[in-house]
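Note sheet for the following structure.
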Amino acid sequence: MASAKQSRIMKISIVLATYNRVDALRFVLESLETQNDQNFEVIIADDGSKEETRHFINAFKLQTKLTIKHVWHEDLGFRLALIRNLAIASASGDYLVFLDGDCIVQPDFVMRHRQLAKPGYFVTGGRALLSQALTKEVLSWPHWDFGRFNKELLRHRVHQGINKYLSLRLKLADGAWRNYKKFVWRRIKGCNLACWKSDALKIYGFDETMTGWGHEDADFVFRLTNIGLIRKSGSWSTEVLHLFHKINDQSQAAENARRVREKIMAKVK
């Protein structure tokens, strides 16, 4: 098991998925700038965004202290699994944290993931959903301001602008209570997921044959579990703030789910 000292010096690579949403991406990157743990790099996994995104990233890199790499491929439909794998290959960190480009993080996000990282484990974190109205309000600000958001959190919850409160306020320590005993489909969110890079490579990353929205994250989690790793809950520690967006095309979701169920039944790695 890694020592506390080893955990502190471990470099983290944040694999940040994006597609044609510069307004949200800017706020996510600004939230990463405010981290109290700065020992990480950002790999932007761009699933074929237009030139606006490239121009924004190039400009942002000139005025930030973040280490940012931009990994892009042509837009041939929803190919999140492939672009994440290309980002994994580009990552120099020992530990990978997968994040979506519409998920703003709290200032202790990286620190909390570091605290939960242990050999033999991977982490599935949670999210708090912002309403369309609150998302519009936040994105109207000149910059991301966690203090401003946090000050009004209770009001946002009371007025149904956000679906969580206590898990954003209370942060619980690591412990055996976080460990899942077996694979379950519940609470798997690719927008907040972490594992060792070496473990991701053992299972050859995400299944690139799964195209279209849906369940590539569940497939990834199942295959990590199937090589003997223990899934750990990152809830009450790593919650992200998920900005509102319209529902993606889910026409491929049922087929992707069927393929994951087949692997579960057959115990295929």
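The values are calculated or read from the model by the stated rules, or taken from the named source; none is laboratory data. Treat the numbers as computed from the prediction; the structure is a model and nothing was measured. Cβ coordinates were reconstructed from backbone atoms using ideal geometry, including for glycine residues, and neighbour counts include every protein chain displayed. For accessibility, only protein heavy atoms count, side chains too; no ligands or nucleic acids. Shrake-Rupley method; radii C 1.70, N 1.55, O 1.52, S 1.80 Å.
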Query raised in the report: Averaged per residue, what accessible area in Å² does the chain show with a 1.4 Å probe, protein chains only?
Result: 48
Requested in this report: Mind listing the long-range amide H neighbours of Asn20? Cut-off is under 5 Å, sequence gap 5 or more, other chains count too, H placed in the peptide plane at 1.01 Å from N.
Outcome: Ser49, Lys50
Query raised in the report: Once phi is turned into θ = phi - 60°, what whole-Hz ³J(HN,Hα) does the Karplus curve with 6.51, -1.76 and 1.60 give for every residue of the stretch 41-53, x standing for Gly and Pro?
Result: 10, 10, 10, 7, 8, 9, 7, x, 4, 6, 4, 3, 5
Query - Given Lys50/Lys151; Lys136/Lys182; Lys50/Lys182; Lys164/Lys246; Lys65/Lys136; Lys11/Lys182, the pairs whose alpha carbons are separated by over 31 Å - result: Lys50/Lys151; Lys136/Lys182; Lys50/Lys182
Query raised in the report: So which aspartates and glutamates can Lys171 reach, going by Cα to Cα under 18 Å and dropping same-chain residues fewer than 8 places off?
Result: Asp37, Asp108, Glu239
Query raised in the report: Around Leu193, which amide H atoms from residues at least 5 apart in sequence, or from another chain, sit under 5 Å from its own amide H, with H modelled in the peptide plane?
Result: Phe98, Gly125
Report summary line: Given backbone amide H placed at 1.01 Å from N, residues whose amide H is under 5 Å from that of Lys164, ignoring those fewer than 5 places away on the same chain, are Leu129
Report summary line: Expressed in square angstrom to the nearest 10, the accessible area of Thr225 with a 1.4 Å probe stands at 40
Report summary line: Note, His73: beta-carbon cut-off 12 Å, +1 each Lys/Arg, -1 each Asp/Glu, net -3
Report task. Using a 1.4 angstrom probe on heavy atoms only, work out the carbon and sulfur share of the accessible area of the stretch 1-93 in %. Result -> 55
Requested in this report: Keeping all protein chains in position, work out how much accessible area Lys189 exposes to a 1.4 Å probe, and write it in Å² to the nearest 10.
Outcome: 70
Requested in this report: Pick out which of Val123, Val240, Val138 has the largest mean-square fluctuation in a Gaussian network model of the chain, springs linking Cα atoms closer than 10 Å.
Outcome: Val138
